[in-house]
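The values are calculated or read from the model by the stated rules, or taken from the named source; none is laboratory data. What you see is a predicted model; the values in this text were computed from it and never measured. Every residue, glycine as well, gets a Cβ built from its backbone with ideal geometry; the counts of neighbours run over all protein chains shown. Calculation scope for accessible area: heavy atoms of the full protein, side chains included, ligands and nucleic acids excluded. Shrake-Rupley method; radii C 1.70, N 1.55, O 1.52, S 1.80 Å.
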Amino acid sequence: VRGPGTIWGSASTVSYPLAADLPVETRTVTTAGAAGFAVGDWIVVRNDTTDGFRADHRMDAATSGLLDLWPSSGIRGLTYLRRVESIAGLTLTLDAPIRYPLRTRDAARIYAAPALLFEVGLESFSIGMTESRTTTPDGMDALHDNDFTVTGTTGYEVHASRAIDLERVRDAWIADVDSYAPPGNPTGFHILSNGIALQPGAVRVTVLDCDWARPQYRGGGGNGYTFAIYGNEILVRGGSATEARHGITLNYAASGTVIRDLHLVRSRFSDDSHRFLAHANLYDRVVLESAWLQAVNRGTTSTGAGFTATQHVFWGTHVALGHPTADGCAIESAQWAWGYLIGSSADPGETALLCPTSFTNSGWAALDQGAPSDWVEGDGLGAALFPRSLHQAMLDLRCARDGVTCTW
């Protein structure tokens, strides 16, 4: 499901620079000159990944000692798709906050969004993909991690495939859509590589009660992710991810995402923030069964991933079964600036430690910013956490404020 154009702009795109830096969580933007937008228009608010922006986050070579962190060729900047709610002079009020400070130094600007597809719903069906017969590697085997670069292998044949892909789409939903093993798949795999991908141009999308499992190829190069979130203002509620490389991953500065009541099962690696400063996202009551959550500085891994997260909140995480790599931790978090690890619980015999440090990779650990360490509260006390769901509490407040009845 893909709308026309690009959210990144082009040589012919008419951009309007902002008149001043934007603070965090503002819903108003003021341009330096008349922009000609109308109420109801969709716009892109963004910056560029400049040398100054890198230096602000210790991603420059002089501070980090590493080259090519947050490369501009692949990581273009923070990007927000927003609807114009009102206009007063040169000031536009938007439907949702800008979730990170934007500076005029980094070419903070707005321009018209492409013609987004909208009100698209995918409901109540299953997708199964016929296995590749090129080779039959164990998708969890590290020996096959680089097969995506090797002609003639399964990894090469299925590299970057996706079962569902949404880009330049708003106000959409995927509900009760699952993966399954088609008859005739000899090893019972469900999908070839990736399941559901919500690209940077996806905004205000709900993924509800979707169960995805068993990618055939779980090697490197961005393969084997059952849920991959790149966009803005996404809700993933319920459902499960089973036997993926990463069951759910936040990528490319994804923001405003809520992941609630998702069950992560036997992930090969962490369920993580993957690269370039995903921010202001909430993990609410996630259940881990041989899985763990991660938000750290990944250094040069994944083409200059660097700090992968800031302002993430992990709320009420439950461990049903610990992952052998996780050292008893439910969460591994060493975010840029502040992150929040609040409330955890575990089944009998298991632990759900809230770990504000990077411990699974010594190289990454050496890149930790130091102070401030992520906020930790309620380690092992998740059963008594109030409110039980932070997302539900926020939703109840919003519905009461707006005088509407909410069924969730």
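The label point for ILE87 and the one for ALA20, both projected 7 Å from the Cα toward the Cβ, are 2.1 nm apart. Annotation: cysteines of the chain without a disulfide-compatible partner (Cβ-Cβ under 4.7 angstrom) are CYS210. Taking 7 Å steps out from each Cα toward its Cβ at LEU67 and THR301 produces label points 2.2 nm apart. The sum of -39500 (n - 2.57) across all DSSP H runs of n ≥ 4, divided by the residue count of the chain, sets its helix-only mean residue ellipticity at 222 nm to -2000 deg cm²/dmol. Overall, the accessible surface of the chain at a probe of 1.4 angstrom is composed of carbon and sulfur to the extent of 54 percent. For SER240, nonlocal amide neighbours, meaning residues 5 or more places apart or on other chains whose placed amide H falls under 5 Å from its own, are CYS210, ASP211, TRP212, HIS263.
Computed with a 1.4 Å probe over protein heavy atoms only, the accessible area of ASP56 comes to about 70 Å². Quick one: grab the alpha carbon gyration tensor of segment 239-327, order the square roots of its eigenvalues as a ≥ b ≥ c, and give me rounded if a/c is under 1.5, else prolate or oblate depending on whether a/b is larger than b/c. Cα axes put segment 239-327 in the oblate bin. With the cut-off at 1.5 for a/c, could you classify segment 97-241 from its C-alpha gyration tensor as rounded, prolate or oblate? Oblate. Highest GNM mean-square fluctuation among SER124, SER73, SER389, for the chain modelled with Cα contacts below 10 Å: SER73. Around the Cα centre of segment 36-172, unit charges on the Cβ atoms of Lys, Arg, Asp and Glu (plus for the first two, minus for the last two) sum to a dipole of about 700 debye. Relative contact order of segment 293-408: 25 percent, from C-alpha pairs under 8 Å at least 6 residues apart in sequence. Farthest toward the positive end of the dipole of the chain, out of THR79, PRO387, SER161, is the Cα of THR79, where the dipole comes from beta carbon charges about the Cα centre. Quick check: the angle from helix 390-402's long axis to the longest principal axis of the chain, C-alpha only, nearest 10 degrees? Its long axis makes an angle of about 30 degrees. Taking 60 Å as R0, compute the FRET efficiency from the Cβ-Cβ separation of ALA34 and LEU381 and round it to 0.05. Plugging the Cβ-Cβ distance into 1/(1 + (r/R0)^6) gives 0.65. Seen from a random direction on average, the alpha-carbon convex hull of segment 53-170 projects onto 12.8 square nanometres.
A simple rule links phi to the HN-Hα coupling: the Karplus curve 6.51 cos²θ - 1.76 cosθ + 1.60 with θ = phi - 60°, which for segment 109-117 gives 7, 10, 7, 5, 6, x, 6, 6, 5 Hz, with x for Gly and Pro. Rounded to the nearest whole Hz, the Karplus-based 3J(HN,Hα) values (6.51 cos²θ - 1.76 cosθ + 1.60, θ = phi - 60°) of segment 303-320 follow the sequence 6, x, 4, x, 4, 9, 7, 8, 6, 6, 10, 9, 10, x, 6, 10, 9, 7, with x at glycine and proline.
Here's the picture: a label point sits 7 Å out from the Cα of ALA400 along the beta-carbon direction, and within segment 378-393 the residues with their amide nitrogen under 16 Å of it are 386-393. Dipole magnitude for the chain: about 940 debye, using +1 per Lys or Arg Cβ and -1 per Asp or Glu Cβ, origin at the Cα centre. Surface analysis of the chain yields an accessible area of 40 Å² per residue, using protein heavy atoms and a 1.4 Å probe.
Across the chain, the mean sequence separation of Cα contacts (distance under 8 Å, 6 or more residues apart), normalised by length, yields a relative contact order of 11 percent.
Could you work out the relative contact order of segment 218-372? I mean the mean sequence separation of Cα pairs under 8 Å and 6+ apart, divided by the number of residues, in percent. Relative contact order, segment 218-372: 17 percent.
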